[in-house]
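Working notes, structure below.
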């Protein structure tokens, strides 16, 4: 099963292991290249990246590996917020900013043409694989990228979303279970209805689409990767497992938090970005609970300074410590060693 | 892996498939015996059963099978509610009762010695396996049952709860993932912190206990059972999959609802019993949302008449339609056929 996956052919990889394209600086070119060099698919999390930073990272990746790799981008939305709403949230964030000694009034700045610029770089740099989160791009974009030979991966959190991804021409789909750390990829139903556990989601999705399915959510080792494939997936995407890797660009406090967290200590919160995401419960999440955030990505723009400064001042209680529900399985290893461990474990399980 | 499980030896079964001891009339003696005769472990859900009904059911099971079987009981709590609280909930339930044309004032009656009486029957009838939900019984009870040769299975929803089960002498532990239908077995943390997906829960539990682990939550077929074992479990417990079986005593409306439900249509609610449980969203759940229920099992006692009458009047919108997150995988088959399908599918996966 392991070696005959059509996903390996599609993505031109040796092992059905995909490193999630986590945004926020986690996916350094070194991490992406290390994963690809080890036979998996490294993915640059370019969701929030400025086009020129993205280009530099892609060029760096290409200098570090000749293997296939991916870039993840966020399908944009048209958020809106009134001055009153922005003031209300700025008011809520004031105590955090005061404590950290940073400026109080922030205007959320969102570049509405970011996605188009990112896609241009993607094509110019001939990125082999592109994955999308938060929706499905327009027909013309999909057509264009496919014409350029880019392999496209969508994200789904329900059976319906997986079917939509297939109908719109995605070459493969990530089925993201509720265990997953970071943002929910949900783009149809409300997020609460879309919190389907990986054990439930994978076989139900696999029964309803014919494109390759990539399982995500709670998968950290060879057991999880093999179990995903037994459930009907063609491969697995790991996020949290790579955050604590040596090559990961995650903040040291973020890595430490995951390495010392229990499975009961993560929660869903929309307070950091405006979209629900799973992270380790801390003071920021607790104090913002019950307060409506701005639409994504406006909330993200407003909290950015706090998160950045909190990391600098070593205040993990105000950082976004994204983590899935399997932190007890996290390790601090090189990406290559991790992939080798998964492959060995899978061989033992399949023997 | 499939045939060498220590769980098979412990429970004296041929296949690592356990039918969950669901309460509320689902687990007829015919269902329990059919599962055991097919090589799995049938379990009588005796949680709410009066001792003499329980005895009759056990005797009936013994007349239908000579194989091993289990009985599930609920570890009791000492609930309390003031007259005011009871009136408040009765007031909330009034519109439902009016619509159904049943009496309005109900006093929650709870037999505080039920558990002791149930254990007495269990011992007298020499039940081979006893499983517990909602906690771990006192030391003396565990000691006593083990002396009688009863194999004991506990329920855990977190790693800590699994460790407690092992420390208290349970012979095996069910690790119940958040996908599971019906009641959460949580007895330490708040239920929200204990909503860990099966993909995350099983390997983390397996790494922390040495007793056999039985995976539960979202498992409906051979894929799920095999995936559980790949994750480190010794077997799997299936609930929802057996509700729609021919031999199940579930109300026809309950069976129909599961067979036609999507994975996004279940929710957690404490409105029926006072304890959080996963069921198909309906009018009762929606209208009770935001209203604090009485402690379990007082709330259960208050809503009992409504659920019973709703079934008689064919009003599924007021029934407790327990279901896990994999309803798209449900089938209407005999229990023997289902177990045979799981075994065949497992053989194909493992070959």
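Observations, loosely collected:
- Beta bridge orientation in the protein assembly as shown: antiparallel %, DSSP, nearest 5: 20
- Gyration tensor (alpha-carbon) shape descriptor, the stretch B:157-238, a/c threshold 1.5: oblate
- GNM remark for chain A: springs join alpha carbons under 10 Å apart, and the peak mean-square fluctuation among A:241, A:310, A:233 falls on A:310.
- Average beta carbon contacts from partner chains per residue of B:260-272, 10 Å cutoff: 3
- Rounded Å value of the spacing that divides the Cα centres of the stretch A:176-251 and the stretch B:234-264: 25
- A:57, A:68 arranged by Cβ crowding within 10 Å, fewest neighbours leading: A:68, A:57
- Normalising the Debye intensity of chain B to I(0), with uniform scatterers on Cα atoms only, and taking log10 at q = 0.08, 0.10 Å⁻¹ returns -0.35, -0.55.
- Rounded if a/c under 1.5, otherwise prolate or oblate - the stretch B:241-351, Cα gyration tensor axes: prolate
- Gaussian network model of chain B, springs between alpha carbon atoms under 10 Å - residue of B:110, B:75, B:243 with greatest fluctuation: B:110
- Compactness of the stretch B:1-158 was expressed as the Cα radius of gyration divided by 2.2 N^0.38 Å, which yields 1.22.
- Where both bridge residues fall in chain A, DSSP classifies roughly 20% of the beta bridges as antiparallel.
- Listing B:231, B:312, A:114 from fewest to most neighbouring C-beta atoms within 10 Å gives B:312, A:114, B:231.
- Nearest 10 degrees, 0 to 90: helix B:114-124 Cα axis against chain B principal axis: 30
- The protein assembly as shown has equivalent-ellipsoid semi-axes of 44, 30, 23 Å, by the square roots of 5 times the alpha carbon gyration tensor eigenvalues, sorted largest first.
- Counting from the shortest, the label point at residue A:103, 7 Å from Cα toward Cβ, is 7.1 nm from the same position in each remaining copy.
- Inter-copy spacing of residue B:334 label points, which lie 7 Å from Cα along Cα→Cβ, given in nm from shortest upward: 5.9
- Note on the stretch B:5-43 and the stretch A:45-121: Cα centroid distance 53 Å, given to the nearest whole angstrom.
- Shielding of peptide A:201-208 by partners, expressed as the average count of other chain Cβ atoms within 10 Å per residue Cβ, is 5.
- For the peptide B:218-228, the mean number of other protein chain Cβ atoms found within 10 angstrom of a residue's Cβ is 6.
- Restricting attention to the stretch B:70-213, close to 0% of DSSP beta bridges with both partner residues there are antiparallel.
- When residue B:190 is represented by a point 7 angstrom out along its Cα-to-C-beta vector, the spacings to that point in the other copies are 1.9 nm, nearest first.
- Crossing angle, helix B:335-350 versus chain B [Cα axis fit, 0-90 degrees, rounded to tens]: 50
- Over the protein assembly as shown: helical MRE at 222 nm, DSSP H runs n ≥ 4 each giving -39500 (n - 2.57), nearest 500: -12000 deg cm²/dmol
- Linear extension gain, residue B:99 paired with residue B:189, 0.36 nm per residue minus alpha-carbon span: 28.7 nm
- Residue order, fewest to most beta carbons within 10 Å, for B:119, B:201: B:119, B:201
- Computed from Cα positions, the angle between helix B:298-312 and the longest principal axis of chain B comes to roughly 90 degrees.
- Between B:147, B:282, B:314, the residue with the greatest mean-square fluctuation in the GNM of chain B (Cα pairs under 10 Å linked by springs) is B:147.
Laboratory data are not the source of any read-out in this text; all were calculated from the coordinates shown. Since the model is a prediction, treat every value here as computed from it, not as a measurement. Every residue, glycine among them, receives a Cβ derived from its backbone with ideal geometry; neighbour counts consider all protein chains shown.
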